[in-house]
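Shown next, in structure tokens, is the structure this report addresses.
The values are calculated or read from the model by the stated rules, or taken from the named source; none is laboratory data. Note that the structure is a prediction, hence the values are computed from the model and not measured. Cβ placement follows ideal geometry from the backbone for every residue including glycine, while neighbour counts extend to all protein chains displayed.
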Amino acid sequence: MALSRQALGFLTFVIIVGVLGGGMYYRLRSDADETDSGGSTEDAAAALPESAQQQFATDVPQPVVGAEVVQDTLWITVSAAGQAEAIRRTAINSQVDGIVKEILVRENRGVAEGGLLLQVDTTEYGLALSRARADHVSAQARYEEMIFFDDEITDPAVRAERARLSRARSGLAQAEVALEEATLNFEQTSVTAPFPGRVADLRVVEGQYVGPGTELMTVVDLDPIKVEVQVLEKEIGYLTEGRRATVTFAAFPGETFSGRVSTINPLVDPEFRTARVTLLLSNPGGRIKPGMYARVSLDAQSFPDRILVPRSAILEKDRREMLFVFEDGRAKWRYVTTGRVGDELIEILPNDETSMVEPGEIVLVDNHFYIQHDASVQLVESIEGGSLGGIR
């Protein structure tokens, strides 16, 4: 049966589309094959950055940081938290009433012992002192009149009794007390520092009226400065006065301060099961301020003559502890047996089933986590800086 013109045209269209589609598929397939066969692994690696190319090249030395094995004392430390406190601190209060005439210091200003801090107006106290002196002179004159002929009395007991009575009748005894009181009040208008230190919490201004007991300011002694920490009762027995302490402050990240254990409170807090330990730190510039938060590491137990490596040198392989030793430009791994652990160092113990390291050998402590045994390595001072030739 003859096809209609419509059917013949549709069939022709389908054939043309099929031919064109097949040609495009063949062309795309050929390009993909050329890429797979013509583009080698070497070409792909060449397109990578230089740092990545070095990872492909196994002969390129891997930069690592090393540290020397030492034979020294291992310190086991006790850690605690606390805060800085002034070694001496006192509030300065007014002893008299009056108007603040002059303030001679400001906050954080250093003062010497006996140095003048503040002056209260002396007008009234000066007049009172002058009046007391005049009254004393008058009373002294009356007293001398009363005992003018007492030298003729031969009995010493009688002379002493007459002198006592004359002091009372003349008012000399009361005048002496009044003079002492007026002198003291006048002197107390000048407020002085009780010890060397720095001024804090200045609370008054010039022209302000103050009365007895009004708090004027605080004087603190900051050198040395003390740090008080609470140590668990189970660790107190390891500490003794004079032991070294390493202190860090949140205010000075990355900086450490050295101190000594000054006192250990013999009383344990029954609620928290801790005892207060006080440290003293040199603080000549007054950088450490009272109230600063501190983290403290206290030397507790010591184990002399130990083989020590940095804790960062120890790795784990097949659930066994090991480290890398630098030998002739190569990283050689050794299984080791570890002992006691300090803050930064760890003890290496002899064991028939593992290897040992010797003082003076170099162990790898950084950038050594993924290297293989006998890998080519190069010592650098730091991975970040990449400078060569140093050992940290």
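Summary table
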quantity: Selected residue (criterion: surrounded by the fewest Cβ atoms within 10 Å (Cβ to Cβ)) from residues of the range 74-97 that are at pLDDT below 90 and β-branched (Val, Ile, Thr); calculated: ILE76
quantity: Residue that is among the basic types (Lys, Arg) and either modelled with pLDDT of 95 or more or over 30 Å from the mean Cα position of the chain (by Cα) (or both), where the choices are LYS289, LYS317; calculated: LYS317
quantity: Matching residues, the range 198-216, being under 29 Å from the mean Cα position of the chain (by Cα) and on the phi < 0 side of the Ramachandran plot; calculated: ARG198, VAL199, ALA200, LEU202
quantity: In the range 309-333, residue farthest from PHE369 (Cα to Cα) [restricted to those that are β-branched (Val, Ile, Thr) and crowded, with 19+ Cβ neighbours inside 10 Å]; calculated: VAL309
quantity: Residue among GLU145, GLU124 that alone is at pLDDT below 90 and farther than 30 Å from ASN283 by Cβ; calculated: GLU145
quantity: Pairs with Cβ under 8 Å, 6+ apart, first in the range 250-273 and closer than 20 Å to ALA84 by Cβ, second of a type in the set (S, T, N, Q) and exposed (fewer than 13 other Cβ atoms within 10 Å of the Cβ); calculated: VAL261/THR240; ILE264/THR240
quantity: Count of residues meeting criterion [surrounded by 14 or more Cβ atoms within 10 Å (Cβ to Cβ) and outside any loop (DSSP other than H, G, I, E, B)] in the range 194-214; calculated: 5
quantity: In the range 258-286, the residues that are in a loop (DSSP other than H, G, I, E, B) and farther than 17 Å from VAL220 by Cα; calculated: ASN265, PRO266, LEU267, VAL268, PRO270, GLU271, PHE272, ARG273
quantity: So ARG340, is it at pLDDT below 90, in a strand (DSSP E or B) and within 21 Å of TYR238 (Cβ to Cβ); calculated: yes
quantity: Residues of the range 349-378 satisfying the condition of being of a type in the set (Val, Ile, Thr) and under 13 Å from PRO61 (Cα atoms); calculated: ILE371, VAL377
quantity: Members of the range 335-353 that are among the polar types (S, T, N, Q) and in contact (Cβ under 8 Å) with a residue 24 or more places away in the chain; calculated: THR338
